[in-house]
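Enquirer: Mind having a look at this structure? Questions to follow.
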Amino acid sequence: MSTPVKILSERLNGNWTSFPLHVSFDDKVFSFSLDNPSHPEWKTFIQTAGKKRQSCTFSFFSSQESFVFERIHEMLNAYIPDLATKVDPLLREFVKNAEKQNMLHLATKVGLIPDIESPLPMELMGKILQEKVLLEDEKIPLLYLDPSRVVTITMTHQNNELHIHIKNKGILGEKKQQNIARKIELGRKIAHFDLKQEFEMKNYPECQEEIKEFLAYEYPLEELEHLWSLAFEESFDEYWLMSPYFLLMGAGTHSSFFPYYATVHGQLRVAQKQMHHIAEGSYSAGMGYIQSAFIIESNRSLYGTSGSIFTPYEKDNEVITGMVIGFPRIDINFPS
């Protein structure tokens, strides 16, 4: 039987802690929330305590409020200065996926959608994450129905590397895992293509097959021609021959290929929705893991000695994803 819920236009104040964030070092847990904003001295405390213990964990139901990522950024910058600005898009993508899994579970539990395989409209998902879906019987937001449905970020310093793991309860499934692995591989391949182009400066005819291979990661080749005709007026060759990317390349100016791929990817996604009659509000552009892999692969020198993201996996009824980032230097302590 479904639980009665009320969808609100505005968030209500109630007898609950809004957007709690728990930060733990070893066995000590400190709590933050929108109801009790953190003070400036917490920044120094989090950075000092986390770095000293070489491990820090953040747990939260929703990252909609800015103070959640502000605290996470403080810890990232304690390990590597300005690291937060470089990996923020990756972290937000991982967190967004974890939150989506949690919202699917909650929406299924109260009957908002029939099962966890059903699409959950993005607008409704946002309302759940913003405390705007209220349980009428319980008098609390649906967001807090299951206390175990939190997102956990753990940062650990090991062997001159920062290991970042994002966990949530959920089921990944082999098909979805394979799909994400392909997206990660594609992001890396585009990054390697960018690096080669910086030195080789090849024009479109020499890159034609490589670009088709990139698109084949996401769109079946037997569908690509029809999808392209739905999305673009020009033919595939005409489009890329006149692309600003290759016009710049021909003039001896290198730019990143990724934004141009992302534009085409997005328009083909719209065509795919049209072709397969997919609901607009339940089908994302699917660029998150591609972009994440591209960012960390193409900018590893900014992070330190190494960097990689790994394919999500299941362990003990949890889905785990994340990245490893090498520190920019190795500190050697000589004996006195």
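The values are calculated or read from the model by the stated rules, or taken from the named source; none is laboratory data. For clarity, every value in this text was computed on a predicted model and none was experimentally measured. Using ideal geometry, Cβ is built from the backbone for each residue, glycine included, and neighbour counts are taken over all protein chains shown. To get the accessible areas, we keep the full protein, side chains included, count just its heavy atoms, and leave off ligands, DNA and RNA. Shrake-Rupley method; radii C 1.70, N 1.55, O 1.52, S 1.80 Å.
Enquirer: Ignoring everything except DSSP H segments at least 4 long, calculate the 222 nm mean residue ellipticity for the chain; use -39,500 (n - 2.57) per segment, divide by total residues, nearest 500.
Expert: The helix contribution divided over the chain gives -15000 deg cm²/dmol.
Enquirer: I'd like the chymotrypsin sites (Phe, Trp or Tyr not before Pro) in segment 211-277 restricted to DSSP loop residues with at most 16 other Cβ atoms within 10 Å, sorted by number.
Expert: Of the chymotrypsin sites (Phe, Trp or Tyr not before Pro), the ones in loops of segment 211-277 whose Cβ has at most 16 other Cβ atoms within 10 Å are Y217, F232.
Enquirer: Which three numbers, in whole Å and largest first, are the semi-axes of the equivalent ellipsoid of the chain derived from its Cα gyration tensor as √(5λ)?
Expert: Equivalent-ellipsoid dimensions as semi-axes: 37, 30, 16 Å.
Enquirer: What residues have an amide H closer than 5 Å to that of L21, excluding those fewer than 5 places away on the same chain, when H is modeled at 1.01 Å from N in the peptide plane?
Expert: F32, S33
Enquirer: Only Cα pairs within less than 10 Å get springs; with that Gaussian network setup on the chain, which residue of G187, G126, G322 has the largest fluctuation?
Expert: Residue with maximal mean-square fluctuation among G187, G126, G322: G126.
Enquirer: Here are some pairs, K132/K169; K175/K315; K28/K127; K51/K196; which of them have Cα atoms lying more than 26 Å apart in this structure?
Expert: Those over the limit are K28/K127; K51/K196.
Enquirer: Expressed as a whole percentage, what fraction of the accessible surface of the chain belongs to carbon and sulfur atoms when a 1.4 Å probe is rolled over the protein heavy atoms?
Expert: In the chain, the share of accessible area belonging to carbon and sulfur is 51 percent.
Enquirer: Also, quick follow-up: For the chain, which longest stretch is free of loop sites, where a loop site is one of the GluC sites (Glu not before Pro) that DSSP puts outside H, G, I, E and B and that has at most 15 other Cβ atoms within 10 Å?
Expert: Excluding the exposed sites themselves, the longest stretch runs over 11-116.
Enquirer: For segment 23-31, take each phi angle, set θ = phi - 60°, evaluate the Karplus expression 6.51 cos²θ - 1.76 cosθ + 1.60, and give the result in whole Hz per residue in order, putting x for glycine and proline.
Expert: Once rounded to whole Hz, the list reads 10, 10, 10, 6, 9, 9, 10, 10, 10.
Enquirer: To the nearest 0.05, what FRET efficiency results for L195 and Y260 with a Förster distance of 22 Å applied to their C-beta separation?
Expert: 0.90
Enquirer: Of V23, V110, V150, which has the largest mean-square fluctuation in a 10 Å C-alpha GNM of the chain?
Expert: Judging by the Gaussian network model, the answer is V110.
Enquirer: Right, another one. What is the spin-label model distance, in nm, from I140 to L230 if the labels are put 7 Å beyond Cα along the C-beta direction?
Expert: 4.4 nm
Enquirer: Once phi is turned into θ = phi - 60°, what whole-Hz ³J(HN,Hα) does the Karplus curve with 6.51, -1.76 and 1.60 give for every residue of segment 191-207, x standing for Gly and Pro?
Expert: Calculated HN-Hα couplings, in order: 5, 5, 4, 4, 5, 5, 5, 4, 9, 8, 6, 6, 8, 4, x, 7, 10 Hz.
Enquirer: With a 1.4 Å probe and all protein chains left in place, how much accessible area per residue does segment 77-184 have, in Å²?
Expert: In whole numbers, segment 77-184 has 45 Å² accessible per residue.
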